[in-house]
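Here, each number is a calculation from the coordinates, and none is a lab measurement. A quick note: this is a predicted structure, and the numbers were derived from the prediction, not measured. For neighbour counting, all protein chains shown are included, and Cβ atoms are generated from backbone atoms with ideal geometry for every residue, glycine included.
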Amino acid sequence: MVMTMTTVMVVGYIQLHLKWLLHNGCDSQRCYILAFPCLFKVIACPMACPRLSSASAPYICTLDYAKCTSVCAQNPEISQSCDNQGAICNDPRFVGGDGNLFYFHGKANEDFCLIADGKVHVNGHFIGKRSYRSSRDFTWVQEIGIIYGPHRIRIATRKVTVWDDERDQIDAFYDARSIHIPAVKGACWKSPSQEFMVCRNRNVNSIDVEVKYLLKLSINATYVDKEDNRIHHYGIDDTNHCFAHLNLHFKWLNVSDEVDGVLGQTYRNTYKSRVKQGVSMPIMGGYEKFKTSSLFSTDCQVARFDPLLSYF
């Protein structure tokens with residue numbers, strides 16, 4: 001087939017700009033940029049959200065074909081599970097077992113009881129920075145400690161300077177032993193007694209955790225990107241820290257009606273929320289009540305853990 005000079009020029013133009021788009025981080029959706037009415041127009045993503053798709057970024061680039069421009073939008077892969085009961089996400093935003101949304105900020109570099117019950121106890125370690133607009137800290141859950149029977153599970157994100165979607169940033173430990181899971185979706189690891197299992201639901205940065213008879217949760221590692229920083233006025237200008245953290249979703253909990261903790265209390269049948277609803281940021285208090293001395297301590301005021309209770 002003989003190609004005209006015009007055809008050659010058009011093909012060359014498309015190839016050149018596809019390379020340009022790929023270099024700037026636009027990936028799986030880049031071909032749509034060449035559709036009408038924006039044919040042959042290069043639409044650059046905003047600096048605050050340079051990728052058209054991401055498994056971990058809070059905000060992604062979305063193309064507005066009517067205006068031939070781009071905007072930042074919440075990443076549905078991140079935001080969807082954060083609206084479900086049992087979710088703990090971002091600057092800790094909780095959705096309780098009663099379905100009510102609330103925030104618990106705690107304090108940076110301290111640990112708090114998230115779930116406190118007789119057979120299982122879950123603590124969270126908060127990282128963060130002081131808000132320049134108020135006296136409180138902006139905080140995120142950087143790691144969790146799950147305690148049941150004689151066992152201790154630690155799941156954490158690494159401190160990251162520049163986030164890379166292709167690199168796994170989650171570390172997991174079973175009784176202080178590092179867990180290695182191949183970076184392949186569906187790969188799993190089971191404890192010697194088979195009561196604990198962790199599986200990847202993506203190649204990296206997303207896992208499902210199950211403690212048999214007690215709980216199931218999904219865990220995603222994410223970070224504070226430029227758009228998230230701008231919208232929430234975090235004031236993060238430290239190029240050595242992107243505040244990598246965990247987004248958690250407790251899908252199932254087998255707890256007693258005496259359960260407590262920041263999230264756990266909301267699963268009691270008798271629980272009545274003290275959080276003021278209808279405001280932009282309903283705050284849950286209780287700093288002193290939920291504070292614990294370390295990731296694997298069960299010494300918060302509302303602790304109920306009994307290591308002699310069978311978890312089966």
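Here are the numbers for this structure:
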| quantity | calculated |
| --- | --- |
| Lys, Arg +1 and Asp, Glu -1 on Cβ, resulting dipole of the range 156-258 about Cα centre, debye, nearest 20 | 360 |
| Hydrodynamic radius of the range 152-298 per Kirkwood, over alpha carbon pairs, in Å | 17.8 |
| 3J(HN,Hα) from dihedral phi, the range 101-116, Karplus parametrisation 6.51/-1.76/1.60, rounded to Hz, x for glycine, proline | 8, 7, 10, 10, 8, x, 7, 4, 6, 10, 10, 9, 6, 8, 9, 10 |
| Cα-centre dipole for the range 243-296 with unit charges at Cβ (Lys and Arg positive, Asp and Glu negative), debye to 20 | 180 |
| Cross-link reach list, lysines versus Lys289, counting only Cα pairs under 27 Å and skipping chain neighbours closer than eight places | Lys107, Lys119, Lys129, Lys216, Lys251, Lys272, Lys276 |
| Under 5 Å, built H, 5+ apart or other chain: amide partners of Thr292 | Asp111, Phe112, Cys113 |
| Cα convex hull volume per residue for the range 81-170 (Å³) | 132 |
